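Undergrad: What follows is a single structure, and I will ask about it in a moment.
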Amino acid sequence: MANKIATYICTGCGIGEALNTEALTNVAAKEYKLEIVRTHPFLCGAEGVALIKEDIQTAGVDGVVIAGCSPRVNTDVFNFGDEVLVERVNLREQCIWCHPANDEDTQMLAEDQLRMGIVKVKGMSVPTPYQPEEEVSRTVLVVGGGLAGITAALEVAKAGRKAVIVEKNDALGGWVAQLYKQVSVRPPYTELEDPEIRERIKEAEANPNIKVYKGAQIEKISGQPGLFDAYITQKSGGTATERVGAIILATGAVSYDASKLEHLGFGRSANVITTDGLEEMAKRGKIIRPSDGKEVQSAAFVLCAGSRDPEHLPYCSATCCIDSLKQALYIKRQNPNAAVYVFFKDLRAPGFHEYLYQQAQKEGVIFFRSDNTRIEENGKGLVIHAKDVLVNDNIVAEGLDLVVLATGMVPTAALGEMLVAGAEEEEGKKEGEGFFSPKPDIYFESNILNLEYRQGKELPSLKYGFPDSHFICFPYETRRTGIYAAGTVRAPMDIPTTIRDATGAALKAIQCIELTAKGMAVHPRVWDSSYASFRMEQCTQCKRCTVECPFGAINEDEKANPLYNPTRCRRCATCMGACPQRIISFQNYSVVIIGDMVKAIEVPEEDEEKPRIVVIVCENDAYPALDMVGMNRINLSPWIRIIPLRCLGSMNLVWIADALAKGIDGVLLLGCKHGDDYQCHFVKGSELCTYRLSKIKETLDRLALESDRVRIEQVQISDYNLVPEIIKEFAARIEEVGPNPYKGF
Amino acid sequence: MATKVNPDFTRTLQKFGANTATYCFHCGNCTVVCPLSTDENQFPRRFMRYAQLGMEDKIKNAAEPWLCYFCGDCQRLCPRQANPGEVMMTMRRYLTSLYDWTGLSLKLYTSKTSEWLAVAGLFLATLILVFLVQGGASTEHTELHRFVPRYLLQIGGILLGLGLAGMLALNIRRMHGFIMNGGRQSGYVKIPASVYIKELGTFLYHFLTQNRFSQCPTSRTRYIKHWLLFLGFIVLFGYAGFFLLIEIIKESLHAGIVTGLKVAFVTGSPHLLFPALHPIRLLEYAATIAILYVVIDSLAGRAAKKEPLHQNSHPTDWTFLLLVGGTIVTGLLTHIFRNLDLPLATYYTFALHLSFIVPMFVVGALFTKWAHAIYRPLALYFLKVKETAAKLPQMDLF
């Protein structure tokens, strides 16, 4: 707890002209009895900062409330070290920039925001970073010894750390090592080269910092980032144990099972083969017609064989186009007079691969943008019927020696039975009607990581079985802290992308270890060294926290007591919001702190006709969106009081009860978009909040309060222009509903 | 019925020039820039696709390649160096060979050796023939009408003209067959002759004005040059035939048909030697200079390869320009030497003049490059006829 709190009110940027700073000073000095309350015309300048620093040094101030600009700016300027708590009261962006100057309501807003800031610092303590008893391991475990795995291990080793590769097969190299040629990544980008993975394998095997287990699999992984224990079973017999700090999942993908593509002739004719089949043939020597061994004179490639097909693989496998262009050139270079056709839906040759496409055209490969491709066989060979989109006519290519199906890729993480995390417990529990249920986590029993996690043995899948987290905001992240997916297991990708991906994941793994050693959270709250504490004596073993934690940070013992793993935790505080007993708290963030902030809001009497609306916002998207409203000088309703949360997942229902009991007329929650293309930094915070709110209706009705008084809306950072309308509409509804009957109680 | 993909035909097209159609990835830039393209008929992109797939029937029966004057905008805008303009040029060569029933055009277009041999052969043959038939001309004074006996020259010219016209008529008949009735399932449809007659103006208009070319926005100067060249040819070659006819008529009226023919074919008419500043003479000089200028300009352009049009010169392009140039230069020299009264120089240059003219007409106009002068306006004419006929009731043409 802060011992001595000081308040500094900046009068710069127009704040002094728009607000009565004297009245603000009185709020801090008289209502909260603060000794040090100062105003300064330019607080972020050297003089202003020196003023604060002097008070810290001479007057022993350890809690600083700065009322001025948004906490999203000048963060570095107002950083006074780990021992001083700083709370920023947003008087600029969210007060004077979006409310009229020298207005009674604006002044009331500023005063309430200041009250909340002071109360917040009062409740906070300086966090003490988590330090495990055992030493944090700096070794990175790489599961899978293909291109991604070897690259990641080499990058880790080059950064001076140790890496352990566990490869299922007896040799390193994976799928790329099976290739005949790969497309050059150097100008003119049209050459076909021997796969360079051979060099990488040698380099990895010779590196003293890389330990390789071949013919080995992970039996079990226990522990948490910095302290993972991996149990590795070897084909040769025996189990090895490795203590590692972070894990890179790089088990790659496998080709889609072509036997499911009978409609494209596979299995019906020996001359219909797959990309892999042609690669193997080219590696052996001549490309021939499988049925009689004659050299191929004409061949057709059918792209998207299974990919982008809702019946098979709904997604694009990213590499089949380029692989087929490359293989078309195999045939053209074996026999320049061979007729080579490529049937595609859309041809994707991104980046420098465009040159390869161009080269294939120059060497006479003919391309068909086609629909309804059918493959048959007659006496003269294979026949492809298709509709040519360009001439809008049906076309036939006859007498083909070979048809190559470009089958897509299936991530190895999607092999095995599909399971729903925690399904066995949820079964039997029947949700009430009208309740919103969060989407359960899905994972596949792929026998890759065998994690000892309460929420499943493998990584949860984002979509189509890929264990990704969020493809835009957080590449390489999975939903398990300290475990990073790289290469084709994460998303379909080609060789250069895989190399970049593996390098990125290696960096992420190293970051994770270093932050863990410092007791800090990993992305997206890297600076945060607070962590959850559980008042276990009040736990009712309801399991809400273990079920709802988006990162599987909380295991359970046999009696269903939560077992918290601090280094797995991302500090979103979803558990805090979930806990009905309110036993979970952080040193600088708790149910009590936010509750006190709600209670600090002054609620005018009913006859003053000044309703109050608490706007609880996600600090990652909705809060900056509100700042942007200010930057664009769009006016907002004067009744709102904004409280930012780490994530809407940490929203505890008790705050709503607090607010309504105090006579506040409405509560508006602004969280991130959820669903398949969610925007939540913590995967499902806003989704869980929506779920919790769906249950509050009953309670409100019991209190004879209209359930319309509480509303949740989804706001993306780019939706700032929609926010004023959302707030306006909600305020209008609150006016319609009328004042809260609990006012004045 | 489905179209068969025919790589053999793609290879056939290749023989007629740079077939870079396989480079095309159908972005449609060429179609955007081409003034010939319409929403219903995307040009030249559609033909690029036909070329890629080897859709022989579609190309065979098409008139569209003839509409293109190769302004080169498509080529400048093509991101793939697929050279649509050049591919259209290649298609025109293919179509010329297709219309020619003798197969000589095919040979001349697809074999460089044949082309040069044919030109050189006709050149030498004419030269030898001239020296075989020459005789009795004075070496004191220029007597050109005696060097090559006048009647032989006139008869030779008429025979050549008739032969060419006859052959061309057969080719046009074939062209008509392809464009008007080719590729249709319903068989031959007879368009009433009245439509043909009604639209004859279209043919004459396009033949004389080449107005279509003026629609190519970036090649106004080329249009002007091309039209000048055309006018030059009309003046010079029209001159010979037109005045011969006038002469015959005049003499026939004056002294009877036999005398008329005699004057025309044996003695020549003194009335035809216009003085140097006579308007007809001046027109002739202007035409000579215009042709010479355009020929030199084109030769220089083809050598410099700057313009898209000039980047892939076919042997037939070179031989045609050289033959026209040769014809004009030797004609001019003949005229100068004759006026200077230098008999031997006049005779030799005239012999060369004739030796250029024959292959120019036979190889150029009948079988290769020059044939476009007639096929282009005809293609426009046939399309117009089709269009008009389609408006008639019960005409299933398209």
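The values are calculated or read from the model by the stated rules, or taken from the named source; none is laboratory data. Owing to the predicted nature of the structure, the values given are computational and were not obtained by experimental measurement. Note that each Cβ is placed from the backbone with ideal geometry, even for glycine, and that neighbours are counted across all protein chains shown.
Undergrad: Among residues belonging to segment A:533-551 that are surrounded by 23 or more Cβ atoms within 10 Å (Cβ to Cβ) and touching a strand residue (DSSP E or B) at 6+ places or on another chain (Cβ under 8 Å), point out the one that is nearest to residue A:585 (Cα to Cα).
TA: Top of the filtered list is A:545.
Undergrad: Using the structure shown, decide if residue A:316 is under 29 Å from the mean Cα position of the chain (by Cα), assigned to a strand (DSSP E or B) and not polar (S, T, N, Q).
TA: So residue A:316 fails the test.
Undergrad: Next question. Do you know which residues across segment A:28-87 are in a helix (DSSP H, G or I) and surrounded by 14 or more Cβ atoms within 10 Å (Cβ to Cβ)? Walk me through how you get there before you give the answer.
TA: Taking segment A:28-87 as the starting set, the residues that turn out to be in a helix (DSSP H, G or I) are A:28-31, A:46-59.
Listed by number, the residues that qualify are A:28, A:29, A:31, A:48, A:49, A:51, A:52, A:53, A:55, A:56.
Undergrad: Hey, could you check segment A:717-733 for residues that are hydrophobic (A, V, I, L, M, F, W, C) and within 15 Å of residue A:613 (Cβ to Cβ) and say which is surrounded by the fewest Cβ atoms within 10 Å (Cβ to Cβ)? I'd like the intermediate steps shown before the answer.
TA: Filtering segment A:717-733 for residues hydrophobic (A, V, I, L, M, F, W, C) gives A:717, A:722-723, A:726-727, A:730-732.
Next, only the ones that are within 15 Å of residue A:613 (Cβ to Cβ) stay: A:723, A:726-727, A:730-732.
Values: A:723: 22, A:726: 18, A:727: 22, A:730: 23, A:731: 20, A:732: 11.
The qualifying residue surrounded by the fewest Cβ atoms within 10 Å (Cβ to Cβ) is A:732.
Undergrad: Right, here's the next one. Pairs under 6 Å by beta carbon, first residue in the same structural domain as residue A:488 (by TED's automatic domain parsing) in segment A:134-161, partner in a helix (DSSP H, G or I) and of a type in the set (Lys, Arg), six or more apart or different chains?
TA: A:150/A:200
Undergrad: With respect to residue A:317, is the statement that it is more than 30 Å from residue B:14 (Cα to Cα), away from chain B (no Cβ under 13 Å) and in contact with a Ser or Thr (Cβ under 7 Å, 6 or more places away or on another chain) true? Outline the logic, then answer.
TA: Numbers: more than 30 Å from residue B:14 (Cα to Cα): yes; away from chain B (no Cβ under 13 Å): yes; in contact with a Ser or Thr (Cβ under 7 Å, 6 or more places away or on another chain): yes.
Criteria met by residue A:317.
Undergrad: With the requirement that a residue be within 10 Å of chain B (Cβ to nearest Cβ), under 13 Å from residue A:298 (Cα atoms), buried (at least 20 other Cβ atoms within 10 Å of the Cβ) and not β-branched (Val, Ile, Thr), what does segment A:331-383 give you?
TA: A:338, A:339, A:341, A:364 - these are the residues of segment A:331-383 that are within 10 Å of chain B (Cβ to nearest Cβ), under 13 Å from residue A:298 (Cα atoms), buried (at least 20 other Cβ atoms within 10 Å of the Cβ) and not β-branched (Val, Ile, Thr).
Undergrad: Only residues in segment B:1-24 that are more than 9 Å from every other protein chain (Cβ to nearest Cβ) count as the first member; pair them with residues that are of a type in the set (Phe, Trp, Tyr), Cβ under 7 angstrom, at least 6 apart or cross-chain, and list the lot.
TA: Here the result reads B:13/B:94; B:16/B:94; B:16/B:109, each pair linking segment B:1-24 to a residue that is of a type in the set (Phe, Trp, Tyr).
Undergrad: Continuing with the same structure: Consider residue A:540 carefully, then state whether it is under 28 Å from the mean Cα position of the chain (by Cα) and in contact (Cβ under 8 Å) with a residue 40 or more places away in the chain.
TA: Working: under 28 Å from the mean Cα position of the chain (by Cα): no; in contact (Cβ under 8 Å) with a residue 40 or more places away in the chain: yes.
Spelling it out, it is not the case that residue A:540 is under 28 Å from the mean Cα position of the chain (by Cα) and in contact (Cβ under 8 Å) with a residue 40 or more places away in the chain.
Undergrad: Inside segment A:704-716, can you point out the residues that are surrounded by 14 or more Cβ atoms within 10 Å (Cβ to Cβ) and either among the aromatic types (Phe, Trp, Tyr) or more than 12 Å from residue A:666 (Cα to Cα) (or both)?
TA: Of everything in segment A:704-716, those that are surrounded by 14 or more Cβ atoms within 10 Å (Cβ to Cβ) and either among the aromatic types (Phe, Trp, Tyr) or more than 12 Å from residue A:666 (Cα to Cα) (or both) turn out to be A:713, A:714, A:715.
Undergrad: Inside segment B:106-124, can you point out the residues that are under 19 Å from residue B:372 (Cβ atoms), surrounded by fewer than 24 Cβ atoms within 10 Å (Cβ to Cβ), in contact (Cβ under 8 Å) with a residue 12 or more places away in the chain and not β-branched (Val, Ile, Thr)?
TA: The first filter runs over segment B:106-124 and keeps only residues under 19 Å from residue B:372 (Cβ atoms), leaving B:106-110, B:115, B:118-119.
Checking the rest, the ones that are also surrounded by fewer than 24 Cβ atoms within 10 Å (Cβ to Cβ) come to B:106-107, B:110, B:115, B:118.
If we keep only those that are in contact (Cβ under 8 Å) with a residue 12 or more places away in the chain as well, we get B:110, B:115, B:118.
Selection gives B:115, B:118.
Undergrad: When residue B:40 is evaluated against the numbered criteria (1) touching a Ser or Thr at 6+ places or on another chain (Cβ under 8 Å); (2) modelled with pLDDT under 90; (3) over 24 Å from residue B:223 (Cα atoms), which criterion, by number, is the only one it fails?
TA: Checking residue B:40 against (1) touching a Ser or Thr at 6+ places or on another chain (Cβ under 8 Å); (2) modelled with pLDDT under 90; (3) over 24 Å from residue B:223 (Cα atoms), the one that fails is (1).
Undergrad: Taking the condition crowded, with 19+ Cβ neighbours inside 10 Å, within 22 Å of residue A:393 (Cα to Cα) and within 13 Å of another protein chain (Cβ to nearest Cβ), does residue B:28 pass?
TA: no
Undergrad: Pull up segment A:97-110, narrow it to residues that are assigned to a helix (DSSP H, G or I) and surrounded by fewer than 24 Cβ atoms within 10 Å (Cβ to Cβ), then point me to the one that is farthest from the chain's Cα centre (by Cα).
TA: The residue in question is A:104.
Undergrad: Among the residues of segment A:255-262, is any in contact with a helix residue (DSSP H, G or I) (Cβ under 7 Å, 6 or more places away or on another chain) and surrounded by 23 or more Cβ atoms within 10 Å (Cβ to Cβ)?
TA: Within segment A:255-262, not a single residue is in contact with a helix residue (DSSP H, G or I) (Cβ under 7 Å, 6 or more places away or on another chain) and surrounded by 23 or more Cβ atoms within 10 Å (Cβ to Cβ).
Conditions (1) surrounded by 23 or more Cβ atoms within 10 Å (Cβ to Cβ); (2) assigned to a helix (DSSP H, G or I); (3) under 23 Å from the mean Cα position of the chain (by Cα), marked per residue:
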residue: B:52; (1), (2), (3): yes, yes, no
residue: B:57; (1), (2), (3): no, yes, no
residue: B:70; (1), (2), (3): no, no, yes
residue: B:74; (1), (2), (3): yes, yes, no
residue: B:79; (1), (2), (3): no, no, no
residue: B:85; (1), (2), (3): yes, yes, yes
residue: B:92; (1), (2), (3): no, yes, yes
residue: B:98; (1), (2), (3): no, yes, yes
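Undergrad: Counting just the residues of segment A:384-402 that are in contact (Cβ under 8 Å) with a residue 12 or more places away in the chain, surrounded by fewer than 21 Cβ atoms within 10 Å (Cβ to Cβ) and more than 8 Å from chain B (Cβ to nearest Cβ), which one comes out farthest from residue B:46 (Cα to Cα)?
TA: A:399
Undergrad: Could you grab me the full set of residues in segment B:33-53 that are out of contact with any Leu (no Cβ under 8 Å at 6 or more places or on another chain), under 19 Å from residue B:76 (Cβ atoms), more than 10 Å from every other protein chain (Cβ to nearest Cβ) and without any contact (Cβ under 8 Å) to a residue 40 or more places away in the chain?
TA: B:37
Undergrad: Sort out for me the helices (runs of 4 or more DSSP H) sitting completely within segment A:672-745 that have 2 or more residues that are in contact (Cβ under 8 Å) with a residue 60 or more places away in the chain and of a type in the set (D, E, K, R).
TA: Working: elements: A:685-693, A:696-702, A:723-737.
Where helices (runs of 4 or more DSSP H) fall fully within segment A:672-745 and carry at least 2 residues being in contact (Cβ under 8 Å) with a residue 60 or more places away in the chain and of a type in the set (D, E, K, R), they are A:685-693, A:723-737.
Undergrad: Can you spot a residue in segment A:163-176 that is surrounded by 15 or more Cβ atoms within 10 Å (Cβ to Cβ) and touching a Cys at 6+ places or on another chain (Cβ under 7 Å)?
TA: There is no residue in segment A:163-176 that is surrounded by 15 or more Cβ atoms within 10 Å (Cβ to Cβ) and touching a Cys at 6+ places or on another chain (Cβ under 7 Å).
Undergrad: Of all the residues that make up segment A:91-111, how many are touching a Lys or Arg at 6+ places or on another chain (Cβ under 9 Å) and under 22 Å from residue A:631 (Cβ atoms)?
TA: Matching residues across segment A:91-111 total 5.
Undergrad: A further question on this structure: Based on this model, can you work out whether residue B:35 counts as at pLDDT below 90 and assigned by TED's automatic domain parsing to the domain that holds residue B:94?
TA: Working: at pLDDT below 90: yes; assigned by TED's automatic domain parsing to the domain that holds residue B:94: yes.
It is true that residue B:35 is at pLDDT below 90 and assigned by TED's automatic domain parsing to the domain that holds residue B:94.
Undergrad: Could you tell me whether segment A:281-289 includes any residue that is surrounded by 17 or more Cβ atoms within 10 Å (Cβ to Cβ), touching a Gly at 6+ places or on another chain (Cβ under 6 Å) and small (Gly, Ala, Ser)? Let's see the steps before the verdict.
TA: Taking segment A:281-289 as the starting set, the residues that turn out to be surrounded by 17 or more Cβ atoms within 10 Å (Cβ to Cβ) are A:281-282, A:287-289.
If we keep only those that are touching a Gly at 6+ places or on another chain (Cβ under 6 Å) as well, we get none.
Scanning segment A:281-289, I find no residue that is surrounded by 17 or more Cβ atoms within 10 Å (Cβ to Cβ), touching a Gly at 6+ places or on another chain (Cβ under 6 Å) and small (Gly, Ala, Ser), so the answer is no.
Undergrad: Examine segment A:464-475 for a residue that is in contact with a Ser or Thr (Cβ under 6 Å, 6 or more places away or on another chain) and within 25 Å of residue A:687 (Cβ to Cβ), and state whether such a residue exists. Give the steps one after another, and end with the answer.
TA: To start, the set of residues in segment A:464-475 that are in contact with a Ser or Thr (Cβ under 6 Å, 6 or more places away or on another chain) comprises A:467, A:469.
If we keep only those that are within 25 Å of residue A:687 (Cβ to Cβ) too, we end up with A:467, A:469.
Within segment A:464-475 (the criterion being in contact with a Ser or Thr (Cβ under 6 Å, 6 or more places away or on another chain) and within 25 Å of residue A:687 (Cβ to Cβ)), the answer is yes, since at least one residue qualifies.
Undergrad: Test residue B:85 against the criterion of being within 14 Å of another protein chain (Cβ to nearest Cβ), within 26 Å of residue A:395 (Cα to Cα) and not β-branched (Val, Ile, Thr), and give yes or no. Walk me through it before giving the result.
TA: Numbers: within 14 Å of another protein chain (Cβ to nearest Cβ): no; within 26 Å of residue A:395 (Cα to Cα): yes; not β-branched (Val, Ile, Thr): yes.
In short, no.
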